[in-house]
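Here is the structure we will look at.
Derivation of every value follows stated rules applied to the coordinates shown; laboratory data play no part. All of these numbers come straight from a predicted model, not from anything done at the bench. Note that we place each Cβ from the backbone using ideal geometry, even for glycine, and neighbour counts take in every protein chain shown.
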Amino acid sequence: MISSFNDHLDKKFSDINLSTRLLIAFSGGLDSVVLTELLYSLGYQVSLAHVNFSLRNKESDADAEFADHFAQARNIPFYHKKVDTKHYAQQKKISIQEAARDIRYNWFEELLQKEDLDYVLTAHHADDQIETLFINLIRGTGLKGLTGIPERRNRIIRPLLPFEKAELLKFAQTNNIKWREDSSNQSTDYLRNQVRHNLIPKFKETSNQSFKQAHKSISLASQSYELFDELICEKLDQIVDRKDDVYFISLALLKKQKQAKTLLFHFIQRFGFTNVEEVYDLSNKPKAKFVQNKDYIIIKERDFLVIQPIKEKKTDELIKIPSATGVYHLSLGTFAIEACQQMENKAKNVAYIDADQIEKQLILRKWKKGDIFQPFGMKGKKKVSDFLKDEKVAYYQKKNQWVLLSNDQIVWVVNHRIDEKFKITNNTKRCLKISYISS
């Protein structure tokens, strides 16, 4: 196997040589142990990175100890990280599998930068590739799912993809190599294990060539998808606009496409959505209806489907600001309060108010249901919710709208309108100019 593995490296990864600094994602299981032994025996510069996810108590600690001893025996640099994966998953509101993946790859990226390493190598092999194909079919991930696991993505490389698990096992047994068994791999609680233990064995029984033919199909699908993706991108450029990290899909232009849902699917898939029917149905619903996942929200705003990241801004419920002049740097942005003689700049992020109408302290908070004020220039009072609707403030912006208050009265709907009570008049003796710059 060493010879065929070396030939594969030379053919597929010509940018890797004996001076390249490689970081191996090392669990201590058969796959990562064999990958390490292959590279080590061929003279490559390798380091090991092991994450103790604290999911199997003493067994997880024993894995970490094995990994440490394995590295020491070969004088290989070893990096170790112990984390509370369950706590991380609860914080992020994601599954344990997603949490483990995030923790692992975020840490790998940190190590690449900190230790000046070139690539991360994972031990995914042919069986993993076929399992992923079936999982993607079950989850309905579309054409992209048929391309399986990529051999490389940025600085992550998977050099064992052409090799079956049986080959790795034979190599380890022949060379008397020890490894750790993960007991959770036997559980059928996870979809991958269900596929591995129930579906893959039956698939292998169909033909001796089943794996090779499946890999051939994956390779062809991957090449075809590259061409398909280019054509999709050309179409999407015509119907999607972007402003910073927010995307606007024109419903009018989308519905003119012959395969509108297919086109939409291949765009929203980039943001982790596969429920294209639910997303497309937004176009026939009133605005403010939305679909979201842990990272993004899609909402209908007038004639567009708007996709934007979900950002959790950790700010206090109430922020106190002295009414005295000065510059105040807050987590949501900067407020500058200064004395003035008259109104100058009439920009939306600037408010001019009668200083004698406010208390010594101003309060900033998010607007809430039931808030009422009298917009400058209007005779009667109005709900803030109705005002923002009239101002055509998008849903994703509305939920982060701040109001500035004095003695429980709204002084300014920030970046929009002051209250009539606080306007400058001919009787105003002291004027304050309040400017806001978002962070």
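Structure data summary
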quantity: Along principal axes, Cα extents of the stretch 319-438, largest first, whole Å; calculated: 36, 35, 26
quantity: Packing-based exposure ordering (other Cβ within 10 Å, fewest first) of VAL306, VAL240; calculated: VAL240, VAL306
quantity: Qualifying lysines (Cα of each under 23 Å from Cα of LYS258; at least 8 residues distant if same chain); calculated: LYS144, LYS235, LYS285, LYS300
quantity: The stretch 244-309 - charge dipole about Cα centre, Lys and Arg +1 at Cβ, Asp and Glu -1, debye rounded to 20; calculated: 300
quantity: Phi to ³J(HN,Hα) by Karplus 6.51 cos²θ - 1.76 cosθ + 1.60 over the stretch 22-31, Hz, x for Gly, Pro; calculated: 10, 10, 9, 6, 10, 8, x, x, 3, 4
quantity: ³J(HN,Hα) computed for each position of the stretch 87-102 - Karplus, 6.51 cos²θ - 1.76 cosθ + 1.60, integer Hz, glycine/proline x; calculated: 5, 4, 5, 5, 4, 8, 6, 10, 6, 4, 5, 5, 4, 4, 5, 4
quantity: Ellipticity estimate at 222 nm from DSSP helix runs (n ≥ 4, -39,500 (n - 2.57)) divided over the chain, nearest 500; calculated: -11000 deg cm²/dmol
quantity: Neighbour-count ranking [beta-carbon atoms within 10 angstrom, fewest first] of LYS285, LYS81; calculated: LYS285, LYS81
quantity: Chain lengthening between THR20 and LYS86 when straightened (0.36 nm per residue, less Cα-Cα); calculated: 20.2 nm
quantity: Relative contact order (%) - the chain, alpha-carbon pairs under 8 angstrom, separation at least six; calculated: 10
quantity: Tail beyond 16 Å, pair distance distribution of the stretch 246-304 (Cα, percent); calculated: 37
quantity: Ranking of SER438, SER222 by count of other Cβ atoms within 10 Å, fewest first; calculated: SER438, SER222
quantity: Theoretical FRET efficiency, 1/(1+(r/R0)^6), r = Cβ-Cβ of LYS12 and ALA347, R0 56 Å, to 0.05; calculated: 0.50
quantity: Residues of type lysines that LYS429 reaches as a straight line, Cα spacing below 25 Å, ignoring anything fewer than 8 places off in the same chain; calculated: LYS320, LYS346, LYS348, LYS360, LYS379, LYS421
quantity: For the chain, built as a Gaussian network whose Cα springs stay under 10 Å, the top-fluctuating residue of ASP390, ASP229, ASP295; calculated: ASP390
quantity: Point-to-point label distance, GLU65-ASN400, nm (Cα→Cβ direction, 7 Å offset); calculated: 4.8
quantity: For the stretch 319-438, with +1 on Lys and Arg beta carbons and -1 on Asp and Glu, the positive-most of ASN345, LEU362, ASN415 along the dipole; calculated: ASN415
quantity: Computed magnitude of the charge dipole of the stretch 319-438 (debye, nearest 20; Cβ of K, R +1, Cβ of D, E -1); calculated: 420
quantity: Hydrodynamic radius of the stretch 2-218 per Kirkwood, over alpha carbon pairs, in Å; calculated: 18.3
quantity: Values of log10 I(q)/I(0), in the order q = 0.17, 0.22, 0.27 Å⁻¹, for the stretch 319-380 under a Debye, Cα-only, solvent-free model; calculated: -0.79, -1.29, -1.46
